[in-house]
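This report refers to the structure that appears directly beneath it.
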Amino acid sequence: MSTPQVREQFLLISAMGANAMELTNVLCRASNENRCAVISTRLSRHGEYSALVLQISGSWDALARLESGLPALAKKHEFSINVVRSSASESRPQALPYVAYVSAAYRPDILNELCQFFLDHRVELENLTCDTYTAPQTGGTMLNATLTVTLPAGTQISWLRDQFLDFADALNLDALIEPWRPQTP
């Protein structure tokens, strides 16, 4: 008699707390203790707090056990948590990953303008990193943003690149878009 195949399911956890290492340790340990696996994770610091996002996989009962224990862990370790069931990422074999780099004098509308540009061109956002800093010479606030995007199949790459650079010039942004390359250690 063969055993039926267990369908893997996913849980997306977002948590915020003051201690980044404790936050990560507690959630990774809880995942492991409940026979679940951390598939992907992102951690970033914002002021005195850290934000952690984890995608966890496991059987439905393992995920249910983990999910039911998370509120008590959050209370005990003083962090906030949000949990949602998720599905596996869809395979997009024809999609092309690209990275857009943007640097400019800070304005509050830059990020929404960038997102609107890519939205208008049916480009999907995969990852976004944005930081501000004070320019040493002028004392003005500067913005650096990196957007990892996925171009849909059939996109005329040279046309999109030209459109993006024209868009960046119109907003006085120093920008570049190029194919995504895996980072080598």
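The values are calculated or read from the model by the stated rules, or taken from the named source; none is laboratory data. Predicted model only: the values in this text are computed from it and were never measured. Positions of Cβ are backbone-derived with ideal geometry, glycine not excepted, and every protein chain shown enters the neighbour counts.
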Exactly one of (1) over 30 Å from Arg35 (Cα atoms); (2) in contact (Cβ under 8 Å) with a residue 60 or more places away in the chain is unmet by Asn112. Its number? (2)
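Only one residue in Leu114, Leu119 is surrounded by 10 or more Cβ atoms within 10 Å (Cβ to Cβ), aliphatic (A, V, I, L, M), in contact with a Phe, Trp or Tyr (Cβ under 9 Å, 6 or more places away or on another chain) and outside any loop (DSSP other than H, G, I, E, B), so which one is that?
Residue meeting the stated conditions: Leu114.
Each row is one residue, and each column tells you yes or no for (1) at pLDDT 95 or above; (2) surrounded by 15 or more Cβ atoms within 10 Å (Cβ to Cβ); (3) touching a strand residue (DSSP E or B) at 6+ places or on another chain (Cβ under 8 Å); (4) closer than 18 Å to Ser68 by Cβ.
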site: Arg7; (1), (2), (3), (4): no, no, no, no
site: Ser14; (1), (2), (3), (4): yes, no, yes, yes
site: Gly17; (1), (2), (3), (4): yes, yes, yes, no
site: Asn25; (1), (2), (3), (4): yes, no, no, no
site: Arg29; (1), (2), (3), (4): yes, no, no, yes
Checking the structure you have, find out if any residue of the stretch 53-61 is surrounded by fewer than 17 Cβ atoms within 10 Å (Cβ to Cβ) and of a type in the set (A, V, I, L, M, F, W, C). yes
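Looking at the structure I just gave you, is Leu147 under 29 Å from Glu22 (Cα atoms) and within 18 Å of the chain's Cα centre (by Cα)?
yes
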Can you pull out every residue in the stretch 130-179 that is in a strand (DSSP E or B), without any contact (Cβ under 8 Å) to a residue 24 or more places away in the chain and either closer than 17 Å to Val102 by Cβ or touching a Leu at 6+ places or on another chain (Cβ under 6 Å) (or both)? Cys130, Asp131, Tyr133
Can we say Val99 is surrounded by 14 or more Cβ atoms within 10 Å (Cβ to Cβ), under 21 Å from the mean Cα position of the chain (by Cα) and either under 30 Å from Arg29 (Cα atoms) or β-branched (Val, Ile, Thr) (or both)? yes
Looking at Asp61 and the list (1) modelled with pLDDT under 95; (2) assigned to a strand (DSSP E or B), which single condition is not satisfied? (2)
On the given criteria, is Ala72 modelled with pLDDT of 95 or more and either of a type in the set (Ser, Thr, Tyr) or more than 22 Å from the chain's Cα centre (by Cα) (or both)? yes
Mind counting the residues in the stretch 31-58 that are among the polar types (S, T, N, Q) and in a strand (DSSP E or B)? 6
